[in-house]
Amino acid sequence: MARPLRIEYPNAIYHVLARDNAKQAIFHIEDDYRRMVDGLSKTVGRTGWEVFAYVWMPNHIQLNPVCGRRPLVSHPRDWPWSSYPGFCSKAKQADWIEYDDVLNAWQADQVPKVRKLSSLNATEAISIVAEYFGTTVESFQTRRTASVERDIAAWMAHRRTTSTVRELSDAFGLRHPDSVSNFIRRAEAAINQSANIANQIKHLNKLLSKTENRV
């Protein structure tokens, strides 16, 4: 069956996907990846394309190298053959990727500014909050009574990383994501009611930002 014709119009955004035949490798050695990056860079310069993101996988092109049964890396920033590292660190940006346009879109009114592409993962964020309060991640995972420190850790991890509530439930050793949702709601209420807690949030944001900048 023939593929439907591509709908084209000015300023459209396209997702270009290419994959192998019969799950065979497209890239065999690092030089293959480098040639692909170099070729795309030259094509962008010649055609005036605006590229928002890319990633080269061993046997196909996909959006996220962390997903799947056999992840290549633990975090997208660790996969060198994509544009993701440039969203986490300006030092790793390519001059032909439209980083600012993507980040500005993530920081629009409908998306919380702190939910931009983050170089932090949930474990790092929770660990920083635990250390700030003089406790441990293990205490967050084993404690079954209400804890404002744990609530704040959940709130910060949800705000400052791309982790979902379900993923955070695993980080806190919980069976159901509803518990993390309750942590987050309690934290928001505490922040709104306590100037001291609101001040602690400011300090924690600075600590997390420093950690992001070191990555």
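Things to note:
- Ascending count of other beta-carbon atoms within 10 Å, so fewest first, for GLU30, GLU124, GLU188: GLU30, GLU188, GLU124
- Approximate spin-label separation GLN93-THR164, in nm, with each point projected 7 Å along Cα-to-Cβ: 3.0 nm
- Whole-angstrom gap from the stretch 159-189 to the stretch 80-99, using each part's C-alpha centre: 29 Å
- Entries of LYS23/LYS92; LYS23/LYS90; LYS42/LYS92 with Cα pairs more than 25 Å apart: LYS23/LYS92; LYS23/LYS90
- Likely footprinting exposure, ASP38, ASP20, fewest C-beta neighbours within 10 Å first: ASP38, ASP20
FYI, it's all coordinate maths here, none of it is from the lab. Computed from a prediction, not measured in an experiment: that's the story for all the values here. For neighbour counting, all protein chains shown are included, and Cβ atoms are generated from backbone atoms with ideal geometry for every residue, glycine included.
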